[in-house]
Amino acid sequence: MSKVTFNNKNSIFYTALKKEVDQYFQQKHLKKSGNWKLYVKSSVLIPAAAAIYLSLLLFSIPTFIGILLCLVLGFILASIGFNIMHDACHGSFSSRKWVNETLGYTLNALGGNSFIWKFKHNIIHHTYPNVDGIDDDIAKSPIMRQCTTQKWMPAHRFQHIYVVLVYAISTFAWVFLMDFTKYFKRKVFTTPMQKMKSRDHFIFWISKVLYLLFYVAIPVYVVGWGSWAIGFTVMHITMGLTLALVFQLAHVVEHAEFEAVSGGDSKVIENEWAIHQIKTTVNFAPKNKIISWFVGGLNFQIEHHLFPKVSHVHYPALSKIVQKICNQFNVPYHAYPTMSQAISSHFRMMKQLGQKPAYGRIVN
């Protein structure tokens, strides 16, 4: 396992930033956890998903309407992941630990596993974003080449086209393959996973069984194999595309920087941890309240990476503070004004990375 450390000996940037952010919460008399806005959102998203699921099973619905409802269901499930699961698994949904723990299991209801996700996301990705060789989020080689230090293959010439298919099947792979790979290997990419307790093993398996029961067995029994296969596929494609695109726009775009480590080497990154977070992360559509609502503030990824234990409902306000401190310390702060601009940047970058490099790692 490679070891990466940051130059935190004189972390004056984060000290100044944290002081300003703490003052904001103190002066406004606010908790850093979620508030009524998040609770209202949760009371809309979860019942909406349940209502669509039950409607598809209990009522005779025309094929086109059924497909449309499955598409909407996939989008709502992704939004539950962005808003409820994400905040809960970071411990920021509520100030009560048991609430965060309980709502974190919404990920299990989506087919994933909160224990594995917390280790993969909270510990690895949030500590080492865009560090090739450690960050599992950019460890998609040889299927995709997401940074210049990864091996190039001739098929990558077309990756800006076929990544759409990869994203579309991403939640299929997550639920039915990647969770099991990590579970049995006891490893997330190159990092050994923390030991699972008996309770964690039980929850892993019972969650997967319940997923098969509610998403496969019951629907097949009620509507038949054909209708289930179409609806299940539409739901997963929508959910996969939505989840993958939102997370890709945060780190695999043109302004984001990358580091690399391999072969068990040790590396000291010259920046302090907080500056590394900002340089490897990009915001998008910060003024679009509709997008912010649906993606759970993950269009403010810079603020999220700097303050992952703060609920996303506070990110728009914190972004002004972060930008001010970045200007004071001459730290670049990148944000695409619209989501379409961020998407264009992502696909341009994937196309650029797909071109045969003049030098570097090539596989013929």
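For the chain, hydrophobic long helices are taken as DSSP H runs at least 18 Å long by C-alpha position along their axis with mean Kyte-Doolittle hydropathy of -1.0 or more; these are 12-28, 36-58, 63-80, 198-212, 225-251, 315-328, 339-354. For the chain, the solvent-accessible area of protein heavy atoms averages 49 Å² per residue (probe radius 1.4 Å; ligands and nucleic acids excluded). For segment 215-364, with all protein chains present and a 1.4 Å probe, just round the carbon and sulfur fraction of the accessible area to a whole percent. Accessible surface attributable to carbon and sulfur in segment 215-364 totals 59 percent. Put simply, the amide H of Trp152, placed in the peptide plane, has neighbours under 5 Å in Arg361, Ile362, Val363, leaving out anything fewer than 5 places away on its chain. Residues whose amide H lies under 5 Å from that of Lys267, counting only those 5 or more places away or on a different chain, are Lys3, Val4, Thr5; hydrogens are built 1.01 Å from N in the peptide plane. Phi angles across segment 149-155 convert, under the Karplus curve 6.51 cos²θ - 1.76 cosθ + 1.60 with θ = phi - 60°, into 3J(HN,Hα) values of 7, 8, 4, 9, 10, x, 5 Hz, Gly and Pro given as x. Roughly what % of Cα-Cα distances in the chain sit above 32 Å, to the whole percent? Roughly 33 percent, once rounded to a whole number.
Only beta bridges with both residues in the chain are counted; by DSSP, about 20 percent of them are antiparallel. Taking the accessible area of segment 1-134, probe 1.4 Å, and keeping the other protein chains in place, the carbon and sulfur fraction comes to 65%. Proximity of backbone amide H atoms, modeled 1.01 Å from N, is registered between Ser94 and Gly34, Asn100 at under 5 Å, excluding neighbours fewer than 5 places apart on the same chain. Segment 299-324 to segment 104-124: how many Å between their Cα centroids? Taking the Cα centre of each part, segment 299-324 and segment 104-124 sit 22 Å apart.
Its DSSP H runs of at least 4 residues, each contributing -39,500 (n - 2.57), put the calculated 222 nm mean residue ellipticity of the chain at -16000 deg cm²/dmol, to the nearest 500.
The values are calculated or read from the model by the stated rules, or taken from the named source; none is laboratory data. The shown structure was predicted, so the numbers you read here are calculated from the model rather than taken from an experiment. For the accessible areas, the whole protein counts, side chains as well, though only heavy atoms, and no ligand, DNA or RNA atoms are used. Shrake-Rupley method; radii C 1.70, N 1.55, O 1.52, S 1.80 Å.
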